[in-house]
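Undergrad: Can you read through this structure? Questions will come right after.
The values are calculated or read from the model by the stated rules, or taken from the named source; none is laboratory data. Keep in mind that this is a model prediction, so the values were computed, not measured. All Cβ positions, even for glycine, are placed from backbone atoms using ideal geometry, and neighbour counts span all protein chains on display. The accessibility values were calculated without ligands, DNA or RNA, using every heavy atom of the protein model including side chains. Shrake-Rupley method; radii C 1.70, N 1.55, O 1.52, S 1.80 Å.
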Amino acid sequence: MKTQADRGCTYLADQVTYVYDADGLILGRLASAVANKLLKSTRAGNPDKVVIVNAEKAIVSGKPSSVFATYHDKYALNHARKGPYFPRMPDMIIKRTVRGMLPYQAKSSGRRALRNLRVEIGCPSHLSGDLPEGHEAGDDSKIRRDLPVRFVRLGDISENLGAPAHRWTGGEQ
C-alpha cells in the first residue's frame, strides 16, 4: 500500500506562506511577482501560499487625474447582473490584477494558483511583528523602488470609486 508521501503528495508542514507588505510597492510590479511565484509553485506541485497585507497602501504610478479616470472607466463597465465585475475595494483590486496575470481562464494551473492568494486590508495581528512558523517575508528587493513623483494610493482610488473608506482609515477622514 502506497502512503501519501509515496504518491508525491506534500504535507502541510512543507507548505510555506509568503507574506508581502504592499506598503509603497507599485501595484503592477507586485502583482507580476506574486503571479510568477504562485504559478511556479503550483506547477511544481508545491502547496505554497501568498498573503499580501496593507493592500490599501499599494501605489499606482501616474498622474492622479488619469489614474482615477482609468479606474473609473473600468468600474463604469459594471453591469449588476451581466458583468464584467470590477471591484471597488483595494484588496479585491489587487486580487483582480494578479488574476489578470495568470492563465486563469485558459489553464487549471492558473485557477489553482489564484486559490493560493489571500489579500488583506491592513495587517492582521498574527502577521504583524515576527511572522509565525511556516511564514516567510516575500522577497520584494527586485520590485521595491523609490516612490515615483506622481502616484496614487490604492485606498484613494477605492475611495474615489465609492468604496467605504472607513474600513481602512478607521473612521478618519
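Undergrad: Select one label from (1) 1.35; (2) 1.56; (3) 1.13: the one whose number is Cα Rg over 2.2 N^0.38 Å as derived from the coordinates shown.
TA: (3)
Undergrad: K95: which lysines have alpha carbons under 29 Å from its alpha carbon, excluding same-chain residues fewer than 8 sequence positions away?
TA: K95 reaches K37, K40, K49, K57, K63, K74, K82, K107, K142.
Undergrad: How big is the dipole moment of segment 79-168 about its Cα centre under a simple scheme where the beta carbon of each Lys and Arg is +1, that of each Asp and Glu is -1, and everything else is neutral? Debye, nearest 20, please.
TA: With Lys and Arg at +1 and Asp and Glu at -1, about 780 debye.
Undergrad: Moving on. What number comes out for accessible area per residue over segment 94-163 if the probe is 1.4 Å? Units Å², please.
TA: Numbers: 4320 Å² over 70 residues.
In whole numbers, segment 94-163 has 62 Å² accessible per residue.
Undergrad: Can you give the direction-averaged projected area of the convex hull of the alpha-carbon atoms in segment 42-82, in nm²?
TA: Details: hull surface 23.1 nm².
Mean projected area for segment 42-82: 5.8 nm², to one decimal.
Undergrad: Follow-up. Run lengths n ≥ 4 of DSSP H only: what is the helix-derived mean residue ellipticity at 222 nm for the chain, with -39500 (n - 2.57) per run over all residues, to the nearest 500? If you can, show how the numbers build up before the last one.
TA: Working: 6 runs with 61 residues, N = 173.
Result for the chain, helices only: -10500 deg cm²/dmol.
Undergrad: Might you report the magnitude of the Cβ-based charge dipole of the chain about its Cα centre, with Lys and Arg at +1 and Asp and Glu at -1, to the nearest 20 debye?
TA: Numbers: 27 positive and 18 negative charges, 219 e Å.
In total the dipole reaches around 1060 debye.
Undergrad: Relative contact order of the chain, please, whole-number percent, based on alpha carbon pairs below 8 angstrom and at least 6 residues apart.
TA: On the way: 261 pairs, mean separation 56.7, N = 173.
Computed over the chain, the figure is 33 percent.
Undergrad: Is segment 127-173 rounded, prolate or oblate when judged by the Cα gyration tensor, a ≥ b ≥ c being the square roots of its eigenvalues, rounded requiring a/c under 1.5 and prolate requiring a/b larger than b/c? Please report the intermediate quantities before stating the final value.
TA: Numbers: a/c = 3.08, a/b = 1.38, b/c = 2.23.
It comes out oblate by the Cα gyration axes.
Undergrad: Over segment 12-97, what relative contact order in percent results from Cα pairs under 8 Å that are six or more residues apart?
TA: On the way: 91 pairs, mean separation 27.2, N = 86.
In percent, rounded to a whole number, it is 32.
Undergrad: Under the √(5λ) rule applied to the eigenvalues of the Cα gyration tensor, what semi-axes describe the equivalent ellipsoid of segment 48-129? Give them in Å, descending.
TA: Numbers: eigenvalues 105, 80, 27 Å².
So the equivalent ellipsoid measures 23, 20, 12 Å along its semi-axes.
Undergrad: Taking K and R as +1 and D and E as -1, what net charge do the other residues with C-beta under 13 Å from the C-beta of E120 add up to?
TA: Details: positive: K49, K57, K95, R118, R167; negative: D21, D23, E56, D91.
Surrounding charge for E120 is +1.
Undergrad: Debye sum, Cα scatterers, segment 15-95, no solvent: what log₁₀ I/I(0) at q = 0.12, 0.13, 0.22 1/Å?
TA: -0.45, -0.52, -1.06
Undergrad: Shifting gears a bit: Counting only protein heavy atoms and using a 1.4 Å probe, what share of the accessible area of the chain belongs to carbon plus sulfur, as a whole percent? Each step should come with its number before you reach the end.
TA: On the way: 4990 of 10260 Å².
Summing carbon and sulfur atoms, their accessible area is 49 percent of the total for the chain.
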